[in-house]
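Student: Next up is a structure, given as structure tokens.
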Amino acid sequence: MILIEKIYRRGHEQLTTVDQIEKFQTNDGYVTSNEVLAREIGADSENCFYKNQEGKRKKVVATKDDQGTWHLKTIGTTDPTSDGLLQLPHMDDVWG
């Protein structure tokens, strides 16, 4: 099981979709790129969660588009601009 704790995007622009998140930090301290994490969840059927602002665990799923690219989203979310993943705390720096 993967538990996402923080997100990272270079720069200070507002995140509007999950695809703009460059990297995710998990509870075990690993930092993984968006593409790698999406492939692990979608192709390898890994379970992935994060805790929302109320402390409730939300499941993250990955879907594949027609070009073969994986995209992450919170299960049940239809509007990518309001996905709960965008509300996670940001990492200060990313190494590796």
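The values are calculated or read from the model by the stated rules, or taken from the named source; none is laboratory data. Everything quoted here is computed from the prediction, not taken from an experiment. Surface accessibility is based on the protein's heavy atoms, side chains included, excluding ligands, DNA and RNA. Shrake-Rupley method; radii C 1.70, N 1.55, O 1.52, S 1.80 Å.
Student: Roll a 1.4 angstrom probe over the protein heavy atoms and tell me the percent of accessible area of the chain that is carbon or sulfur.
Tutor: 44 percent
Student: Give the accessible area for V18 in Å² (nearest 10); use a 1.4 Å probe, count only protein heavy atoms, and leave out ligands, DNA and RNA.
Tutor: 10 Å²
Student: Before I look further, what does region 1-62 give for accessible area per residue, probe 1.4 Å, in whole square angstrom? Display every interim value, and only then the final one.
Tutor: Working: 3790 Å² over 62 residues.
Per residue, region 1-62 has an accessible area of 61 Å².
Student: Accessible area of T63, 1.4 Å probe, to the nearest 10 Å²?
Tutor: In the full protein context, T63 sits at about 70 Å².
Student: Moving on to the next point. Could you tell me which label, among (1) 33, 30, 27; (2) 80, 28, 10; (3) 54, 25, 20, carries the value of Cα extents along the principal axes in Å calculated for this structure?
Tutor: The value computed from this structure is option (1).
Student: Taking the chain, how many lysine pairs are there with alpha carbons less than 12 Å apart, if each pair must be eight or more places apart or span two chains?
Tutor: 6
Student: Another one. Ignoring everything except DSSP H segments at least 4 long, calculate the 222 nm mean residue ellipticity for the chain; use -39,500 (n - 2.57) per segment, divide by total residues, nearest 500. Could you put the intermediate results ahead of the total?
Tutor: On the way: 1 runs with 9 residues, N = 96.
Roughly -2500 deg cm²/dmol at 222 nm, from the helical runs in the chain.
Student: Please identify, among G84, G76, G42, the residue showing maximal mean-square fluctuation in a Gaussian network model of the chain using a 10 angstrom Cα cutoff.
Tutor: Comparing G84, G76, G42 in a Gaussian network model of the chain, the most mobile one is G76.
Student: I would also like to ask the following. Determine how large the accessible area of E46 is when every protein chain is in place; take a 1.4 Å probe and give Å² rounded to the nearest 10.
Tutor: For E46, solvent-accessible area is about 80 Å².
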